[in-house]
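Remarks on the structure that follows.
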Amino acid sequence: MARYTGPKTKKARKFGEAIYGPDKSFEKRKYPPGQHGNGRRRKQSSNYAIQLMEKQKAKYTYGVLERQFRNLFESAARKSGVTGEILLQFLEARLDNTVYRLGLARSRRGARQLVSHKHILVNGILTNIPSYHLKPGDVVSVRNKSRNLEVISNAQSTATEVKKWGWIEWNPDRQEGTFMQYPERSAIPENINEQLIVELYSK
């Protein structure tokens, strides 16, 4: 299954943000990568370059490839409402992202691996498609024989943010979470200017 597997810190430095989560290497070198480091003079970016950069940042943040991202945008554009906000809601509704939000993995990459390796159920049915689109009311749970996995236990022991996501409800005793609703834009913490993405695809 195709996905980006390259260096994470280098990508984070390119966008100037720790898009993959806390990163000590990024904190030491927040300037863009390149042979001449921070001293390199950089040209002012065009509007197109800024829009493209924002789209790339969203793609790498959520671990989505170009064709998937384009399809999500087209689906969002067909819906009534604000296209950029709907796009982010669709990204948040991906199964791998929800597993990450539930605190079952420390990163979206780790969450994607849990789903791909058949450790996750949706409404009691084994689902190994990371891009699976959740709908309000869907229940995401850990497969019974996977509940004692060290990677899940370690993630849960350090997960402190799951309680603050108003659109998902977590039951620690049953190790399952319910996708309650699509989140409001103000509740999504990712620093993404979705309007720039809409402008890019509208050209």
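Do the alpha carbons of any pairs in LYS57/LYS135; LYS79/LYS203; LYS55/LYS145 sit beyond 27 Å of each other, and which pairs?
As for pairs spanning more than 27 Å Cα to Cα, those are LYS55/LYS145.
What is the distance, in nm, between label points placed 7 Å from the Cα along the Cα-to-Cβ direction at ILE125 and at GLU176?
Label at ILE125, label at GLU176, 1.5 nm between them.
In what order do VAL122, VAL64 fall by count of nearby beta-carbon atoms within 10 Å, going from fewest to most?
Ranked by crowding around the Cβ, least crowded first: VAL122, VAL64.
Compute the FRET efficiency between HIS133 and ARG185 as 1/(1 + (r/R0)^6), taking r as their Cβ-Cβ distance and R0 = 25 Å, and round to the nearest 0.05.
0.85
If each residue's Cβ is checked for other Cβ atoms within 10 Å, how do SER153, SER116, SER141 rank with the fewest at the top?
Lowest count first: SER153, SER116, SER141.
Using 0.36 nm per residue of separation minus the Cα-Cα distance, give me the extension gain between TYR48 and ARG70 in nm, one decimal.
Full extension from TYR48 to ARG70 adds 6.2 nm.
Taking K and R as +1 and D and E as -1, what net charge do the other residues with C-beta under 10 Å from the C-beta of GLU66 add up to?
+4
Can you list which of the GluC sites (Glu not before Pro) found in the range 112-194 are DSSP loop residues with at most 13 other C-beta atoms within 10 Å?
GLU161, GLU184
Can you list, largest first and rounded to whole Å, the semi-axes you get for the range 95-181 by taking the square root of 5 times each eigenvalue of its Cα gyration tensor?
Each semi-axis is √(5λ); the values are 16, 15, 12 Å.
Could you work out how much longer the chain between GLN56 and LYS79 gets when fully extended? Use 0.36 nm per residue separation minus the Cα distance between them, nm to one decimal.
Fully extending the segment from GLN56 to LYS79 adds 6.0 nm.
Counting other beta carbons within 10 Å of each residue's own, what order do SER146, SER75 fall into, fewest first?
In order of increasing Cβ crowding within 10 Å: SER75, SER146.
We did not get these values from a lab; they are worked out from the coordinates using the rules stated. As the structure is a computational prediction, the values presented were derived from the model and not from experiment. Here the Cβ is made from the backbone with ideal geometry for all residues, glycine too, and neighbour counts use every protein chain on show.
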